[in-house]
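First comes the structure, then the notes that go with it.
The values are calculated or read from the model by the stated rules, or taken from the named source; none is laboratory data. Just so it is clear, the model here is predicted, and its values are computed rather than measured. No Cβ is skipped: glycine too gets one built from the backbone with ideal geometry, and neighbour counts run over all protein chains shown.
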Amino acid sequence: MVELIPHGVYLLDGKTVAEKADLAPDEARENTITYGILRAHDVDGSKGKKMRIRFDAMVSHDITYVGIIQTARASGLDKFPLPYAMTNCHNSLCAVGGTINEDDHVFGLSAAKKYGGIYVPANQAVIHQYAREALTRCGNMILGSDSHTRYGSLGNMGVGEGGGELVKQLLRNTWDINAPEVVLVWLEGKPRKGVGPHDVAISLVKAVFESGFVKNKVLEFAGPGVANLPIDFRNGIDVMTTETTCLSSIWITDAEVEKYFKMHERPEAYKELKPGKVAYYDSMIRIDLDKQECMIALPFHPSNAYTIHELQADPKGILSAIEEDARKRFGDKIQIDLLSKIKNGKVVADQGIIAGCSGGTYDNLSEAATILKGKSIGNDYFTMSAYPQSTPVYLATTRNHIAEELLEAGVVIKPAFCGPCFGAGDVPSNNGFSIRHTTRNFPNREGSKPGQGQISLVSLMDARSIAATAANGGVITAATDIDYNDTHAPYSFDGRIYKSRIFNGYGKADASVELRYGPNIKDWPKMYPMQDNMLVELAAVIHDPVTTTDELIPSGETSSYRSNPLKLSEFALSRRVPEYVGISKRIQAQDLERREGKVPANVAEALAKVGANAKDTSFGSCVFANKPGDGSAREQAASCQKVLGGDANICYEYATKRYRSNCINWGIVPFTIAKETEFNYAPGDFVFVKGIREAILGGKEEIDAQVITKDGVKPIHLFFQNLTADERQILADGCLMNYYKNQK
């Protein structure tokens, strides 16, 4: 189904893949769609190896926009210089913390009025569907504070980053990147009936994630198979490219895209995008849509994928491996029993969910309703919910009898909401097995708390196979195994509800408007600039292959406190290293003592071992993880470490650029170590880095340091490569806010 070609290829006239061409790779790479868009947004206007990008629009949701505006306000914000849409699709439920979710929503509306923004009220649309419907344009770029900011299938490059990068755009700064490699994703054939976008997406993630084949690269989709995919199908694949760890994505555009923009009353947003006559790609992925099977991505990652037929052929062997993986992750904190889901030799689910930016599309709901028409999900343990991704989509499902057929089958229909994707809605029961057309199935992302003995397990499947499973009494079933014919009318967009409810204040900033603060909205605490030397104590040491942002700062109900930095930081690593917060607070308190001239005994002892003094040496906490930062773009994964006094992270590599950027913007030095370096140190050990400030500001990319243990002092070599001049100054100033304050 998916073939990886690890060497460079040329695409000739957009039709023929060749090994050689008349143009050199660097010259021909400029003829990709990717480089055409990136170069047009590079403020330097050159064709160099560095790019400084300004975006056309931005989007945030209600887990991130308060912190972004607070940071930008503290840095000198006067008005939004580009369209900035704030959607309310993550903290729509007000079940945790009293009024605080709605307080943030009111703050968001007041900010849209004051600074000239776009405010999308709760349950109107999930963030990425609103962007698709209202903000995308062929050839444009959108920056979002959500990792699934992907609109390439509509000819608009989308990038998900942490809040600090959005702050830079609000302050007319740039997103700075190395000129990326581009991967050609060549689509051939046509999917069979029953195969959906999630099946293709899961196969793609499975093929490339573990090897890092497309990490920090741009995926460019082309080939004859594109024309065989409806827009919703393309969108469904595209949004999941985030799980490959690619930088962004872009597709060729055609009559289907033109039709999409006409339907959404924005015909001027369309233009044809295609590669030049000779375009070079650094590698290639070939996907044969004819051979695509119905897939299931089992816990605990979208890449842990099998065909549904493979799972049902060996359920005991496959599920036993997942149980063993869970025991390694959580130890004796949980009692997992996934094998009990095997009934009469087949795997049975407890719950089905179709939701969010990937699942709640009109086409997905239409085919699911067709499969379930005249059937019932039953009155046993199996339950099912569907969330149309916007009010226009919801309206179309009611007009075309889709909602009616789903409801008659026993499916509960709920308004646009991202909750099931990150643990704030439809949390399964303990040991519950949920199948979901959502974006992720990381540990605890569905809402369980292993630290409290709770575990539920999520697998990703396409809406069509979820519906087939529901119609089959919960037995995991591939939609290609059933016969159905979708006769519902095609989607027709009606934007009247948007015109009635959405506040569009772009270009109409009113400085006289007062921001409305609830009691939970707090300013950032004081953050100190970097000192000459650095001493950090290891507060957490994690040797998991990958540490996700959901582990660094759990999602779910904790996100209700995202506007209160001190309160939110209490949850940092709480479901992975529960003792981390207490250790970090103790280190932070000791640093305050040091700053007052009362050097704690353990700090003095550590410094004495390396011949350093406390006056010019900062003291903070540090996290070691093999590969941290996979998953969400939310900056709180880094800001919570900083609020607790974090000064550095050490790892072999960062899972994503966005998490590393978050660390930099919050003044956390993103150290790495060589792959052959053994890091066999424990919490309580110290790392001393002499001359770190001079090295950072002097343009160095590596430094010798010392690890101080009970057994003595050992050398360690640290890297901090690929930092821009601005990023170096941000680290030296202590964080992005300090950096902007110092420029005034």
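Before moving on, here are some points about what is shown:
- Residue match in the stretch 32-45 (condition: closer than 30 Å to GLU220 by Cβ, part of a loop (DSSP other than H, G, I, E, B), touching a residue at least 40 places away in the same chain (Cβ under 8 Å) and not hydrophobic (A, V, I, L, M, F, W, C)): yes
- Test: VAL239 is farther than 16 Å from ILE142 by Cα and crowded, with 24+ Cβ neighbours inside 10 Å: no
- Of the residues making up the stretch 587-599, those that are assigned to a loop (DSSP other than H, G, I, E, B) and surrounded by fewer than 19 Cβ atoms within 10 Å (Cβ to Cβ) are GLU596, GLY597, LYS598.
- Test: residue in the stretch 71-81 that is more than 21 Å from GLU161 (Cα to Cα) and assigned by TED's automatic domain parsing to the domain that holds LEU219: no
- Of all the listed residues (ASP282, ASP314), the sole one being of a type in the set (D, E, K, R) and under 25 Å from the mean Cα position of the chain (by Cα) is ASP282.
- Spans of helices (runs of 4 or more DSSP H) in the stretch 362-472 with at least 3 residues modelled with pLDDT under 95: 419-422
- Boolean, TYR528 is in a loop (DSSP other than H, G, I, E, B), touching a Phe, Trp or Tyr at 6+ places or on another chain (Cβ under 7 Å) and either modelled with pLDDT under 95 or surrounded by fewer than 19 Cβ atoms within 10 Å (Cβ to Cβ) (or both): no
- Selection count, the stretch 550-576, where residues are modelled with pLDDT of 85 or more and polar (S, T, N, Q): 3
- Qualifying residue in the stretch 677-697 (condition: surrounded by 15 or more Cβ atoms within 10 Å (Cβ to Cβ), among the basic types (Lys, Arg), free of Cβ contacts under 8 Å to residues at least 60 places away in the same chain and over 22 Å from ALA625 (Cβ atoms)): no
- Residues that are among the β-branched types (Val, Ile, Thr) and either farther than 26 Å from GLY447 by Cα or without any contact (Cβ under 8 Å) to a residue 60 or more places away in the chain (or both) were ranked within the stretch 531-567; the one that is surrounded by the fewest Cβ atoms within 10 Å (Cβ to Cβ) is THR558.
- Screening ILE553 on (1) assigned by TED's automatic domain parsing to the domain that holds ALA637; (2) over 25 Å from GLY734 (Cβ atoms); (3) in contact with a helix residue (DSSP H, G or I) (Cβ under 7 Å, 6 or more places away or on another chain) shows it passes everything except condition (2).
- Subset of the stretch 454-470 (residues that are closer than 20 Å to LEU319 by Cα and small (Gly, Ala, Ser)): SER456, SER459, SER465
- Scanning the stretch 148-207 for residues that are surrounded by fewer than 24 Cβ atoms within 10 Å (Cβ to Cβ), within 30 Å of ALA74 (Cβ to Cβ) and acidic (Asp, Glu) yields a count of 1.
- Exactly one residue among GLU293, GLU272, GLU265, GLU258 is more than 30 Å from LEU135 (Cα to Cα), over 24 Å from the mean Cα position of the chain (by Cα) and either assigned to a strand (DSSP E or B) or modelled with pLDDT of 95 or more (or both), and that residue is GLU293.
- Helices (runs of 4 or more DSSP H) contained entirely in the stretch 653-744, each with at least 3 residues that are under 23 Å from the mean Cα position of the chain (by Cα): 657-665
- Just one residue in the set ILE650, ILE664 is β-branched (Val, Ile, Thr), under 20 Å from ILE177 (Cα atoms) and not assigned by TED's automatic domain parsing to the domain that holds GLU243; that residue is ILE664.
- Just one residue in the set GLN292, GLN312 is within 30 Å of LYS20 (Cα to Cα) and out of contact with any Gly (no Cβ under 7 Å at 6 or more places or on another chain); that residue is GLN292.
- Of all residue pairs spaced 6 or more apart or on separate chains, none has beta-carbon atoms under 7 Å together with a first member in the stretch 135-151 that is free of Cβ contacts under 8 Å to residues at least 60 places away in the same chain and a second member that is hydroxyl-bearing (Ser, Thr, Tyr) and assigned to a loop (DSSP other than H, G, I, E, B).
Rundown of residues vs (1) surrounded by 23 or more Cβ atoms within 10 Å (Cβ to Cβ); (2) closer than 30 Å to SER492 by Cα; (3) not aliphatic (A, V, I, L, M), yes/no style:
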| site | (1), (2), (3) |
| --- | --- |
| ALA305 | yes, no, no |
| ASP325 | no, no, yes |
| ILE342 | no, no, no |
| VAL347 | yes, no, no |
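- Positions within the stretch 616-652 being aliphatic (A, V, I, L, M), in a loop (DSSP other than H, G, I, E, B) and closer than 21 Å to PHE679 by Cβ, in sequence order: none
- Matching residues in the stretch 443-460 - criterion: being surrounded by 23 or more Cβ atoms within 10 Å (Cβ to Cβ) and under 13 Å from PRO554 (Cα atoms): PRO443, ASN444, ARG445, GLU446, SER448
- For SER584, the test of being among the hydroxyl-bearing types (Ser, Thr, Tyr), surrounded by 23 or more Cβ atoms within 10 Å (Cβ to Cβ), touching a strand residue (DSSP E or B) at 6+ places or on another chain (Cβ under 8 Å) and in a strand (DSSP E or B) is failed.
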